[in-house]
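The values are calculated or read from the model by the stated rules, or taken from the named source; none is laboratory data. All figures in this text were calculated on a predicted structure; none of them were measured in a lab. Ideal geometry is used to build each Cβ from the backbone, glycine not excepted, and the neighbour counts take in all protein chains shown. Just the protein is used for accessible areas: all its heavy atoms, side chains included, with ligands, DNA and RNA removed. Shrake-Rupley method; radii C 1.70, N 1.55, O 1.52, S 1.80 Å.
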Amino acid sequence: MKRIYIVAMLYLVIAVSVASVAGAGAPIGVDTAKGKAQGFLDAPDATVQYQKTERLNLGEYHVFGTGEGQVYVNARTGVVERATFDSARKDSHNIRLDRAAAEAAARAYAEKKYRGFAEKNMRLTRSNLVAHGDAGSEYSCIWREEIEDVLTPNTVVVNVNPGTGEIMSYLGIQREIKSPLEPKLSRDEALKIAAGQFPGIRVTDATADLSVEYTRPDTQTLTWVITMRGEPADHVLQGGLVVIDAQTGEVLMVSPYL
């Protein structure tokens, strides 16, 4: 049940989000962005080469190659919001770290790289080992800021090599929260709507979380994110995930179990 919730949250936050950067000031130049990338790496002598300027779902970025990965610098704010370290993937087939050690390493990196991490109410929503077959494995730790029991788009993802403890990748998104945090739709009403998406379901378990998502370009929406499990029918698991507008009751997404 927890796994589908995490997958959906990553989809909503990373794949669908189109965050507003208007009003953040004029775009920064490539040279300024290069300095930001160099500073993020904590290596003044590191080779940083400009690759491209790219418009992604989360904004416009100046992208730099480091020889061992990439760094994405927000072209409006100058904040490094994504970094990958290919060299850190070596020896990831051997599991030497336990989850607690990997989580501690990820948290230390998040506190260092994500502004205000220690002061914000960051909820750990995922901390587990993810296997990629021949490509090795990684511990993936995901935090989301929580305000008044509502999850926000402010997200930190740190992936750790289970063999060496090195940081394999980082994602840090921070945006101003503009959506109201008080729902008009109650939890029970949302659960009833969710159950209606699975005709005939006999619900055995359900979770419902309030979460601010970018459901349309440049638009934050307070949503109910519901995972629902029902009694199996013909040995097939029933239920899935439903995302509902917490103000209007509109069903925004349905992802049934397959």
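If the segment from Ser255 to Glu68 were pulled out straight at 0.36 nm per residue, it would be longer than the present Cα-Cα gap by 63.7 nm. Distance from a point 7 Å along Cα→Cβ of Thr248 to each backbone N in the stretch 207-234: keep the residues under 13 Å and list them by number. 215-217, 219-223, by backbone N distance to the label point.
Residue separation of Ser186 and Val203 scaled by 0.36 nm, minus their Cα-Cα distance, works out to 4.3 nm of gained length.
Think of the chain as having a plus end and a minus end, set by charges on the Cβ of Lys, Arg, Asp and Glu; of Thr77, Gly133, Tyr50, Tyr50 sits farthest toward the positive end of this dipole. Measure nothing fancy, just the Cα-based angle from helix 30-40's long axis to the longest principal axis of the chain, in degrees from 0 to 90, nearest 10. Between the helix axis and the principal axis of the chain, the angle is about 80 degrees. When the chain is treated as a GNM with alpha-carbon contacts under 10 Å, the residue of Asp45, Asp218, Asp149 showing the greatest mean-square fluctuation is Asp45. With Cα atoms as the point set, the radius of gyration and Dmax of the stretch 123-258 evaluate to 17.4, 49 Å. Surface calculation, 1.4 Å probe, protein heavy atoms: Leu185 sits at approximately 20 Å² accessible. Note on Glu54: accessible area is roughly 50 Å² with a 1.4 Å probe, heavy atoms of protein only. Straight-line cross-link reach from Lys34 at under 30 Å between alpha-carbon atoms covers these lysines, not counting any fewer than eight positions away in the same chain: Lys52, Lys90, Lys112, Lys113, Lys120.
When the P(r) of the stretch 132-176 is calculated, the portion above 16 Å amounts to 48% of the C-alpha pairs.
Across the chain, Cα-Cα pairs farther apart than 22 Å form 60% of the total. Taking trypsin sites (Lys or Arg not before Pro) in DSSP loop states with no more than 14 other Cβ atoms inside 10 Å as exposed sites, the chain has its longest site-free stretch at 1-89.
Give the separation of the Cα centroids, the stretch 240-254 to the stretch 151-183, in Å. So the separation of the two Cα centres works out to 23 Å. Applying 1/(1 + (r/R0)^6) with R0 = 30 Å to the Cβ-Cβ distance of Leu237 and Arg96 gives a FRET efficiency near 0.30. On the chain, 49 percent of the accessible area sits on carbon and sulfur atoms, based on a 1.4 Å probe.
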